[in-house]
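A.B. asks: Please read through the structure below; I'll follow up with questions.
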Amino acid sequence: MRPHALTALLLLFAPVALAAAPPDKTLSPYFFVEGAEGTDALPLKDTSAQLEVTGVIARVKVTQVYANEGQVPLHARYVFPASTRAAVNAMRMRLGDRTIEARIREKQAARAEFAKAKREGKSASLLEQERPNVFTMDVANVLPGDRIEVELEYTELLVPTEGIYELVFPTVVGPRYSNQTEERASEEAKWVQSPYLHEGKAPTYGFHLSGRISSALPLRDLSVPSHAVDLRWNGSSEVGFALKPTELAGGNRDFVLRYRLTGERIESGLMLQQGGPENFFLLLLEPPARVRPEQLPPREYVYILDVSGSMRGFPLETAKRVMRELAAGMRPQDSFNVVLFSGAHALMAPRSVPATAENVERAMNLIDSQSGGGGTELLPALEEALALPAAPGVARSFVVVTDGFISQERGVFEHIRKNLNQANVFSFGIGSSVNRYLVDGVAKAGGGEPFVVTTPEEARTEVTRFRKYIESPVLTDIRVSYEGFEAYDLEPPALPDLLASRPLVIFGKWRGKPQGRITVRGVSGEGPFVRSVDVAASKPSTEYSALRYLWARARISALSDFNLNQESDDEKQEVTRLGLQYNLLTRFTSFIAVHEQVRRTPAQGEGKDVKQPLPLPEGVSDAAVGEPPVQYGAEPELTGLALFALTLLGVTAALRRRAGFETRRAG
């Protein structure tokens, strides 16, 4: 091995091997310490969800029950998740026989109103968005003997992939890794500092869920892999479902329900909502059939694998299975590289290596030796991976495999978007309650597709889907025209290439008469694609009231969810305006409900602030919350990678020497 190559490799691992200075106290989750009063003193007693699906629109009602069984007034804070696509449009608070409808307010104004009510002894509730899929509920002045119900409602669009509809109700926010210090953290980041129960501990509150699916076409292949449910069929096109009583403690993993429609059909067509100051439309257009080309060019894969503490145990074992399935699909003409990351990161080789059986097996042996430990520093690993030299004429894909338990998602999205070049980034979320905001956002920023693997058995199915997307996009160069139909404020303004077999989704507003045609053009595997929709064939209805919320949510998502680190002042103002006009929860608007009666007396004192402890997601170990820091030496999970890389360089150098010797001998 040449001396400068060895020096470069040692320098690569130098940051890992240096002794770590005692860090400042970081903004981190922590373990709940049970006091003398026990968990009975915790205010959240129950969470229930009612899910109603009609066609492609899901309406969800979530009810949280807070009660005070102690002797001191309580002020509760609860961090909980929702879908990344949820359009939260209503909240109300019930106290006794009184119901208070929440109002949407600018975020800082809502906080000030809540603080004032709390100080004055009034019962109040405040709902804020921390991430598109993470919310906080604050409930002030829960008096001894009180039972307060807080109800929120949201709407979501269900878009099938490969003909499969998936209804997901997230139940718990996994612990987020942060490298920010407490002193420097912004107010918006402090939700990360949440208490957690130890692994295997059941939630301290009950969990109930029920719902109904109604379709214009018969349902088939309905399954609920996450929970035990009772089903009640009403014909072939409608089914009710409810959790079995044994799932009372099932709030530690996402509820997942999947189904197909008979005949491999999907709900598609044009919906027109008419009435009020604005009219809205939704177009769902069935995609063309996928055609696989006979000859595929060589491809380079760079796998970025999370081996942090939160992945220890079940998630990492599942990730290893995903990696084996991914590796099995590579061809000898392909090349690959591996980046492992935790609190530090390390690269398998300075350049990607051929996907020979020997190289793949060596890489898999290294991956199989990982057990999980340390923090979750995804961004530095991505920076290293995206900076790798690319071979000319080779298609390139980056694949991120993680549970997504980080708190600085937007920095990751920004770096991918700015440094992508001609590659795609795909993401595999691993675990029972992954951070879908990160998983979806990585793929969105990288022009790829997200995948979620909740069990080891799903690994092969999801990797098979990934290979299909890599091999043959469904539709490219997509353009939409409107002839005789006055459409405006379209979302998205332009359609990206369609990798997955899912319908094209276009939201918009319209005015004038419902007439004319909407025409979609593109290029499929079989050549030019043209499909036209007759607007007059779809009757406007006042029943599609959810379209106004879904349109506004799509516009807010484009402006805020996956934007760069900081929105401009104009974008903040526009998101705030949309939230206030359409009554939606956003980063800058919140729901506030106040019971105007002063209920807490001076004799009862100021009350006690209580953060509701969260269960660890099923399969996640205590290492996700905290473990003794590594003070000296390299992170053990990455030392093996250094040895592997040294060996790989040695083998490569030996082969080059041998080739040179053979050339000289032939000469």
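A.B. asks: Restricting attention to region 464-480, and to residues there that are in a helix (DSSP H, G or I) and over 18 Å from the mean Cα position of the chain (by Cα), which single residue is surrounded by the fewest Cβ atoms within 10 Å (Cβ to Cβ)?
C.D. replies: Thr464
Okay, residues lined up against (1) within 23 Å of Ser560 (Cα to Cα); (2) in contact with a Ser or Thr (Cβ under 8 Å, 6 or more places away or on another chain); (3) among the charged types (D, E, K, R):
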| residue | (1), (2), (3) |
| --- | --- |
| Ala115 | no, no, no |
| Asn133 | yes, yes, no |
| Asp138 | no, yes, yes |
| Asn141 | no, yes, no |
| Pro144 | no, no, no |
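A.B. asks: Kindly indicate which of Ser194, Ser178, Ser226 is touching a Lys or Arg at 6+ places or on another chain (Cβ under 7 Å), surrounded by 16 or more Cβ atoms within 10 Å (Cβ to Cβ), within 23 Å of Gln129 (Cα to Cα) and of a type in the set (S, T, N, Q).
C.D. replies: Within the list Ser194, Ser178, Ser226, the selection yields Ser194.
A.B. asks: Between a first residue in region 303-327 that is assigned by TED's automatic domain parsing to the domain that holds Thr376 and a second residue that is aromatic (Phe, Trp, Tyr), which pairs have beta carbons less than 6 Å apart while being 6 or more apart in sequence or on different chains?
C.D. replies: These pairs meet every condition: Ser310/Phe405; Val322/Phe428.
A.B. asks: Out of (1) in a loop (DSSP other than H, G, I, E, B); (2) under 30 Å from Leu283 (Cα atoms); (3) not hydroxyl-bearing (Ser, Thr, Tyr), the odd one out for Val72 is which?
C.D. replies: Here Val72 meets the rest and fails (2).
A.B. asks: Can you tell me which condition Pro144 does not meet? The list is (1) in a strand (DSSP E or B); (2) more than 26 Å from Asn583 (Cα to Cα), and all the others hold.
C.D. replies: (1)
A.B. asks: Being at pLDDT below 95, within 20 Å of Lys611 (Cβ to Cβ) and of a type in the set (A, V, I, L, M) is the requirement here; does Val72 meet it?
C.D. replies: Yes.
A.B. asks: Here's another thing I want to ask about it. Pull up region 113-130, narrow it to residues that are touching a helix residue (DSSP H, G or I) at 6+ places or on another chain (Cβ under 7 Å) and of a type outside the set (Asp, Glu), then point me to the one that is surrounded by the fewest Cβ atoms within 10 Å (Cβ to Cβ).
C.D. replies: Looking at the filtered set, the residue picked out is Ala124.
A.B. asks: So for region 351-374 (the condition being part of a helix (DSSP H, G or I), acidic (Asp, Glu), surrounded by fewer than 20 Cβ atoms within 10 Å (Cβ to Cβ) and free of Cβ contacts under 8 Å to residues at least 12 places away in the same chain), does at least one residue qualify?
C.D. replies: Yes, region 351-374 has at least one match.
A.B. asks: Just to check your reading of the model, which residue among Val533, Val452 is under 20 Å from Pro160 (Cβ atoms) and not assigned by TED's automatic domain parsing to the domain that holds Pro315?
C.D. replies: Going through Val533, Val452 in turn, the sole match is Val533.
A.B. asks: Right, next: Given the conditions (1) at pLDDT 95 or above; (2) under 30 Å from Tyr469 (Cβ atoms); (3) charged (D, E, K, R), report the number of the one that Arg548 does not fulfil.
C.D. replies: (2)
A.B. asks: Within region 372-421, which residues are polar (S, T, N, Q) and either modelled with pLDDT under 90 or closer than 14 Å to Val439 by Cβ (or both)?
C.D. replies: Listed by number, the residues that qualify are Thr376, Thr402, Ser407, Gln408, Asn419, Asn421.
The values are calculated or read from the model by the stated rules, or taken from the named source; none is laboratory data. Keep in mind that what you see is a predicted model, and the values were worked out from it rather than measured. Ideal geometry is used to build each Cβ from the backbone, glycine not excepted, and the neighbour counts take in all protein chains shown.
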